[in-house]
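Engineer: Pasting a structure below so you can have a look.
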Amino acid sequence: MVLCATQELITVRAEGWGGILYKLAIADARLYSVRFCMLLALLVLPVIGNAIEPGDIAPDFTLPILANATDAQLRDADAADSKFALLNLSDYRNKVVYLDFWQASCAPCRESLPLLTKHRDEFAERGVEILAVNTDVNPAAALALVAKFAVNYPVVSDPGAQVASRYGLSGLPTAYLIARDGRVHQVREGFASQDIENIRATLFALSGNSLNDINSPALITEVGN
């Protein structure tokens, strides 16, 4: 909550014309204070935001793609004469989405990259897409990790954390499992290698599949760093 308070800046009351000028000065000071409070609210409230919870519609966004743009996204960038291809979350409506917010300096984030990469193809075959939102101001370290682990899903850049703020993140990594209708089904904070089985089961269930439909063994072999 943004709290604003006004106080009288002029403390010496005068008589006659001086009294009128005093009242005008007070009114002007209060008007200035109200305008200041409104401006402060406009600047601060969008940053604070309310945390997105299960059942909420996942806020749409458009961000530049750091890695693994589709051919269609690259064609759109060429047509717009843009340096970067852009990704719109709304383009993935009718798909199940694992939306992962991460930073290069975050150890659990780094642990998730090879495991998500390992299972991305089996996800994609069942209408499930992984989208990663990197919040590093300088994406160089993130791109190095993307190359190191041969990350094969789209990675977009949110260097000002504006999208992260709209989602109301309290820490990294945070992932949002989004159903086909665009509503958040589950919010997951943190990551450990043993979480991947639960993530797979939830994503497959949202897509109308189950782990029993998978021909490959469900056992996960941890991928080393």
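Engineer: Part of a helix (DSSP H, G or I), among the basic types (Lys, Arg), under 23 Å from residue 127 (Cα atoms) and in the same structural domain as residue 123 (by TED's automatic domain parsing): does that describe residue 200?
Structural biologist: Against the criterion (part of a helix (DSSP H, G or I), among the basic types (Lys, Arg), under 23 Å from residue 127 (Cα atoms) and in the same structural domain as residue 123 (by TED's automatic domain parsing)), residue 200 qualifies.
Engineer: Working only within segment 174-197, note down all residues that are surrounded by fewer than 14 Cβ atoms within 10 Å (Cβ to Cβ), assigned to a loop (DSSP other than H, G, I, E, B) and of a type outside the set (A, V, I, L, M).
Structural biologist: Listed by number, the list holds a single entry, 181.
Engineer: Which residue pairs have Cβ atoms under 8 Å apart, sit 6 or more places apart or on different chains, and have a first residue in segment 177-204 that is on the phi > 0 side of the Ramachandran plot and a second that is in a strand (DSSP E or B) and surrounded by fewer than 17 Cβ atoms within 10 Å (Cβ to Cβ)?
Structural biologist: Hits for this filter: 182/57.
Engineer: Please state which one of 85, 77 is over 19 Å from the mean Cα position of the chain (by Cα), surrounded by 15 or more Cβ atoms within 10 Å (Cβ to Cβ), over 23 Å from residue 193 (Cα atoms) and assigned by TED's automatic domain parsing to the domain that holds residue 209.
Structural biologist: Going through 85, 77 in turn, just one is over 19 Å from the mean Cα position of the chain (by Cα), surrounded by 15 or more Cβ atoms within 10 Å (Cβ to Cβ), over 23 Å from residue 193 (Cα atoms) and assigned by TED's automatic domain parsing to the domain that holds residue 209: 77.
Engineer: When you go through (1) at pLDDT 95 or above; (2) surrounded by fewer than 18 Cβ atoms within 10 Å (Cβ to Cβ) one by one for residue 208, which number turns out not to apply?
Structural biologist: The number of the failed condition is (1).
Engineer: Related question: Given (1) closer than 19 Å to residue 54 by Cβ; (2) assigned to a helix (DSSP H, G or I); (3) out of contact with any Ser or Thr (no Cβ under 9 Å at 6 or more places or on another chain); (4) without any contact (Cβ under 8 Å) to a residue 24 or more places away in the chain, identify the lone condition not met by residue 171.
Structural biologist: (2)
Engineer: Across segment 74-102, what is the total count of residues that are of a type in the set (Asp, Glu), free of Cβ contacts under 8 Å to residues at least 24 places away in the same chain and not in a helix (DSSP H, G or I)?
Structural biologist: First pass over segment 74-102, keeping only residues of a type in the set (Asp, Glu): 76, 78, 81, 91, 100.
So of that shortlist, the ones also free of Cβ contacts under 8 Å to residues at least 24 places away in the same chain come out as 76, 78, 81, 91.
From what's left, not in a helix (DSSP H, G or I): 81.
Residues flagged as of a type in the set (Asp, Glu), free of Cβ contacts under 8 Å to residues at least 24 places away in the same chain and not in a helix (DSSP H, G or I) within segment 74-102 amount to 1.
Engineer: Of all residues in segment 103-158, which are charged (D, E, K, R) and either in contact with a Gly (Cβ under 6 Å, 6 or more places away or on another chain) or in a helix (DSSP H, G or I) (or both)?
Structural biologist: Of everything in segment 103-158, those that are charged (D, E, K, R) and either in contact with a Gly (Cβ under 6 Å, 6 or more places away or on another chain) or in a helix (DSSP H, G or I) (or both) turn out to be 110, 111, 118, 120, 121, 122, 148.
The values are calculated or read from the model by the stated rules, or taken from the named source; none is laboratory data. In this text, all values refer to a predicted model and were calculated from it rather than measured experimentally. Every residue, glycine among them, receives a Cβ derived from its backbone with ideal geometry; neighbour counts consider all protein chains shown.
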